[in-house]
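Data first, discussion second: the structure below is written as structure tokens.
None of the figures in this text is laboratory data; all of them are computed from the coordinates on show. This is a predicted model, so every value here is computed, not measured. All Cβ positions, glycine included, derive from the backbone under ideal geometry; neighbour counts span all protein chains shown.
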Amino acid sequence: MSAKSPDPVCIVRMSLMFRIQHILLMVTLLVLAVTGFALMYHENWLGRTLIQLEGGVLFRGFVHRAAAIFLLAQMVFHAYYMLFSGEGKRELREVMLRRQDFDDFLQAIRYNLGTVTDYPRFGKYGYKEKFQYWGATGGIFLISISGVFLWAETFSMRFLPKLFLDLTLIVHGYQGLLAFVILLFWHMYNEHLHPSVFPMNKSWLTGKVEAEWIRQEHPLEYEKLKQEGVL
């Protein structure tokens with residue numbers, strides 16, 4: 001009878017607070033995407049079908065605006081948490097972009113082209129996670145600001161030219177589409193479909209990852225945890 005293999009050592013990567021924020025953001029963006037695309041593409045069959053499923057034009061607008069208010073509230077809370085809480089400050093330091101991240105990005109390209117033999121070594125967050133975080137942050141900010149102007153369209157037109165509102169409409173719609181595509185394809189692949197985590201990285205649910213995964217994917221973080229006596 002073979003001996004039972006020991007359970008893998010796991011490390012907390014996402015706290016409960018960040019998991020809650022992540023899930024709420026995921027649901028909110030999905031609601032905004034579905035209700036927003038219904039209006040953006042209302043002239044084709046898909047848009048008309050979505051509007052019908054959403055209870056008509058008026059109810060679609062109510063759901064979209066309610067989700068927008070919830071998104072703004074999440075954005076404000078997240079900024080406050082990152083700037084003023086102990087955990088948020090630590091995570092903000094980890095996710096800040098540095099010159100090394102751009103060097104790592106270029107080295108990864110050279111590695112994939114076969115011109116260098118060493119793949120960049122990452123700490124807790126590599127350039128992929130940082131680019132995703134700041135790209136999503138900037139995108140949500142643009143969507144939110146442009147959405148406020150469009151929501152208060154009558155008020156805005158008293159002080160702003162129509163050209164500004166037309167550009168705002170373009171920015172709002174296509175920035176939302178861009179954010180949706182990036183999250184759907186790039187984020188989903190890197191965090192869930194990549195061979196190192198397939199079929200899913202469960203840290204967004206459990207908050208934990210295996211220490212062996214950290215050793216392979218984030219070796220600098222692994223070495224740091226060993227020095228701190230966590231491993």
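What the table shows:
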read-out	value
Over the chain, relative contact order from alpha-carbon pairs under 8 Å, at least 6 apart, %	27
Cα-projected label distance for Tyr119 with Val12, points at 7 Å along beta-carbon direction, nm	2.9
Proxy reagent accessibility, fewest Cβ within 10 Å first, across His218, His22, His78	His22, His78, His218
Tally of Lys pairs whose C-alpha atoms are under 23 Å apart, taken over the chain, 8 or more apart or cross-chain	21
Most mobile listed residue (Gly56, Gly114, Gly86) in the chain, GNM with C-alpha springs under 10 Å	Gly114
Rel. contact order, % - alpha carbon contacts under 8 angstrom, at least six apart, region 1-127	16
Intensity falloff of region 121-231 expressed as log10 I(q)/I(0), Debye formula with alpha-carbon point scatterers, at q = 0.10, 0.19 Å⁻¹	-0.47, -0.98
Relative contact order (%) - criterion: Cα under 8 Å, at least six apart; region: region 96-231	26
Ranked list, fewest to most other Cβ atoms within 10 Å of each Cβ, for Met14, Met75, Met200	Met200, Met75, Met14
Neighbour-limited loop hits for trypsin sites (Lys or Arg not before Pro), region 93-125 (at most 13 other Cβ within 10 Å; DSSP other than H, G, I, E, B)	Arg98
Anisotropy class of region 71-185 from Cα gyration tensor, a/c 1.5 cut	oblate
Gaussian network model of the chain, springs between alpha carbon atoms under 10 Å - residue of Trp204, Trp151, Trp213 with greatest fluctuation	Trp151
Spacing of the two label points (7 Å from each Cα toward its C-beta) at Ile170 and Phe155, in nm	2.6
Gaussian network model of the chain, springs between alpha carbon atoms under 10 Å - residue of Lys162, Lys130, Lys208 with greatest fluctuation	Lys162
